[in-house]
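In what follows, a single structure is set out as structure tokens and then discussed.
The values are calculated or read from the model by the stated rules, or taken from the named source; none is laboratory data. Nothing here was measured: the structure is a model prediction, and the numbers come from that model. Don't worry about glycine lacking a Cβ; one is built from the backbone with ideal geometry, like all the others, and counts go over all protein chains shown. Each accessible area value is taken on the protein alone, full model and side chains, heavy atoms only, with ligands, DNA and RNA left out. Shrake-Rupley method; radii C 1.70, N 1.55, O 1.52, S 1.80 Å.
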Amino acid sequence: MTVAKAGPRMTKERILVADDEQNARVALRTILSEEGYEVAEAADGEEALALLPGFAPAAVLADVRMPRMDGITLLKRAREQGSDAVFVMMTAFASVEAAVEAMRAGAENYLVKPLDVDAVLVVLEKALEKLRLQRDTQNLRERVRERYRFHNIVGDAPELQAVYEVVKRAAPTRATVLILGESGTGKELIAQALHEESPRRDKPFVKVNCAALSETLLESELFGHEKGAFTGAIGRKEGRFELADGGTLFLDEIGDISPSTQIKLLRVLQQKEFERVGGTSTLKVDVRMVAATNRDLAAEVKGGKFREDLYYRLNVVAVTLPPLRSRKGDIPALVSHFIEKYCKAYGKELRGLAPGTLNALLAHDWPGNVRELENVVERAVVLAKGAELGADDLPPSLRGPRPRERAPGALIPGATLYEIEREAILRTLEMVGGSTSRAAEILGISVRKIQYRLKEYAAGGDERSARTPEDPDEGGDPKDGD
Ligand SMILES: Nc1ncnc2c1ncn2[C@@H]1O[C@H](COP(=O)(O)OP(=O)(O)OP(=O)(O)O)[C@@H](O)[C@H]1O
Ligand SMILES: [Mg+2]
């Protein structure tokens with residue numbers, strides 16, 4: 001077997017050399033041009049800054065000390081202009097302190113003069129590699145974001161898109177919205193999105209967790225209290241209804257409130273007025289109410305635990321969030337979203353998922369829904385030792401071998417076309433960090449087909465399901481994923 005040497009660079013990156021010493025400039029230009037880079041020269045910082053927008057270099061090799069504008073000021077100005085070029089600073093022996101300052105200002109690296117040709121090339125190539133990676137991830141993230149985002153909510157399963165639609169239509173009104181769904185499906189995110197989409201977005205979004213407080217405390221929390229209304233009511237207190245005036249009040253876990261609080265809520269909903277606990281004067285507020293529960297509220301009404309009249313008042317518009325297990329096609333996008341989030345939080349850099357990891361994530365049933373997935377990814381990011389999240393980083397309950405799983409990699413020949421396709425889809429998704437749109441682009445198939453297949457794999461799909469008429473690309477549905 002022969003190992004191919006990397007061929008000539010296809011796209012030559014542009015390098016700007018800024019140095020007041022003409023000899024140094026000429027030497028650098030010669031070396032870099034020979035390597036295939038496109039080079040421009042500037043005799044000082046100001047000249048370099050003027051060249052930046054037009055030349056748009058990938059890297060700037062800048063001397064720290066230059067007349068008119070020094071290298072560090074150049075770097076700062078370049079950033080202000082929005083240039084993402086990587087900076088490598090050059091400094092004389094005497095001023096290593098300046099190099100340290102340059103690094104602090106955001107230079108990628110520095111070189112000490114007199115320059116060593118090999119060192120220049122190695123340092124530059126390393127810096128460029130970092131920039132390429134940054135630009136790639138940036139592009140990828142932007143594309144993923146565009147496709148999947150509704151506010152902070154990731155996922156474009158049809159059931160979710162229907163929820164987004166209802167939220168958009170209900171947002172401009174005052175209608176009370178009831179959000180249903182299992183624990184961890186994103187009910188709070190939807191409540192926030194509704195507020196953000198509404199004309200009340202600049203007014204407060206106030207949240208009350210109705211399950212966390214005793215009856216007395218909940219009422220005082222909601223309606224406020226007067227001094228001495230009950231033991232411990234030392235001073236007068238404004239309630240959440242008052243705090244939310246003009247905005248949105250989110251009543252979380254509404255299924256947990258007592259019958260007496262239910263009556264009081266009903267009155268606010270009907271008359272938009274209430275009294276503070278222990279108070280006599282009636283207060284009026286303009287509040288949009290959103291409620292959420294993971295209970296089956298209709299059943300609670302039937303069972304006599306929840307007032308029917310209140311139920312209908314809350315349930316003017318209802319949305320139900322689907323459990324994660326019924327929209328596994330969103331798992332890759334969610335995983336990539338949480339990897340990004342926790343890499344930032346923990347200062348880590350990860351490329352994405354190692355082969356086999358996505359398989360394990362798709363196989364799990366996710367009783368805790370997105371919250372559980374988020375926890376799994378956070379834990380994995382913390383534990384990850386390599387550049388990718390591996391199956392070893394998952395909790396033991398997710399690591400178990402799948403009954404249908406084969407040895408790593410479908411063999412060609414030796415596997416069915418379906419198995420080879422599966423391998424291709426999963427590997428590509430892992431490579432692009434879970435973006436179905438990017439994977440679809442690479443594989444030359446539709447996003448819908450990928451999502452359809454993911455659902456199949458999640459359900460332990462095999463050849464038989466591959467021939468079902470619902471197969472989107474064979475079924476002839478002209479409406480493609482994007
Ligand atoms: N579609 C989603 N995209 C991104 N993050 C999500 C999504 N759904 C849920 N999350 C995240 O999962 C966690 C749980 O979501 P949230 O608190 O909204 O769930 P919930 O339905 O209110 O659950 P519970 O009934 O237990 O209160 C949060 O950290 C949230 O940011
Ligand atoms: Mg919640």
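List of remarks:
- Solvent-accessible surface (1.4 Å probe) assigned to Arg267 amounts to roughly 80 Å².
- The chain - Kirkwood radius from inverse mean 1/r over Cα pairs (Å): 27.1
- Between 0 and 90°, nearest 10: helix 158-170 axis offset from the chain longest Cα axis: 70
- Environment charge of Leu49, counting only residues whose C-beta is closer than 13 Å and scoring Lys/Arg +1, Asp/Glu -1: -1
- Close amide H pairs (under 5 Å, H built 1.01 Å from N) link Gly224 with Gly239, Arg240, Val277, residues at least 5 positions away or on another chain.
- When both the range 10-29 and the range 326-348 are represented by their alpha-carbon centers, they are found 41 Å apart.
- Derived scalar couplings ³J(HN,Hα) [the range 278-285; Karplus, 6.51 cos²θ - 1.76 cosθ + 1.60; whole Hz; x for Gly, Pro]: x, x, 10, 7, 8, 10, 10, 9
- DSSP-defined beta bridges in the chain - what % are antiparallel, rounded to 5: 15
- The portion of the accessible surface of the chain made up by carbon and sulfur, rounded to a whole percent, is 52 (1.4 Å probe; DNA, RNA and ligands excluded).
- Filter on Lys237/Lys264; Lys207/Lys348; Lys126/Lys341 - keep pairs with C-alpha separation over 21 Å: Lys207/Lys348; Lys126/Lys341
- Amide hydrogen neighbours beyond the local backbone of Lys113, cut-off 5 Å, H modeled: Thr91, Ala92, Phe93
- Around Val117: net Lys/Arg minus Asp/Glu count, Cβ-Cβ under 11 Å: -4
- The chain: angle of helix 369-383 to the longest principal axis, Cα-based, in degrees nearest 10: 40
- Over all directions, the projected convex hull of the C-alpha atoms in the range 153-322 averages 9.7 nm² in area.
- Under 5 Å, built H, 5+ apart or other chain: amide partners of Lys207: Phe250
- Value of relative contact order over the chain, rounded to a whole percent, pairs C-alpha under 8 Å and six or more apart: 11
- Partners of Lys168 within straight-line reach, counting lysines whose Cα lies under 16 Å from its Cα and excluding those fewer than 8 residues away in the same chain: Lys187.
- FRET efficiency for Glu97 and Thr30, using Cβ-Cβ distance with R0 set to 41 Å, rounded to 0.05: 0.85
- Asp245 - accessible surface, heavy atoms, 1.4 Å probe, Å² rounded to 10: 70
- For the chain, the solvent-accessible area of protein heavy atoms averages 51 Å² per residue (probe radius 1.4 Å; ligands and nucleic acids excluded).
- In order through the range 116-125: 3J(HN,Hα) via Karplus (6.51 cos²θ - 1.76 cosθ + 1.60), integer Hz, x for Gly, Pro: 9, 3, 4, 4, 4, 5, 5, 4, 5, 5
- Distance-filtered residues of the range 10-32 - backbone nitrogen under 19 Å, label point 7 angstrom along Lys113 Cα→Cβ: 16-32
- Over the range 14-144, volume per residue of the alpha carbon convex hull, in Å³: 101
- Across the range 182-191, coupling constants 3J(HN,Hα) worked out from phi with the 6.51/-1.76/1.60 Karplus curve, θ = phi - 60°, read 4, 4, x, 8, x, 5, 5, 4, 5, 4 Hz, and Gly and Pro carry x.
- Per-residue extension of 0.36 nm, minus the Cα-Cα distance of Ala298 and Lys341, leaves a gain of 11.8 nm for this segment.
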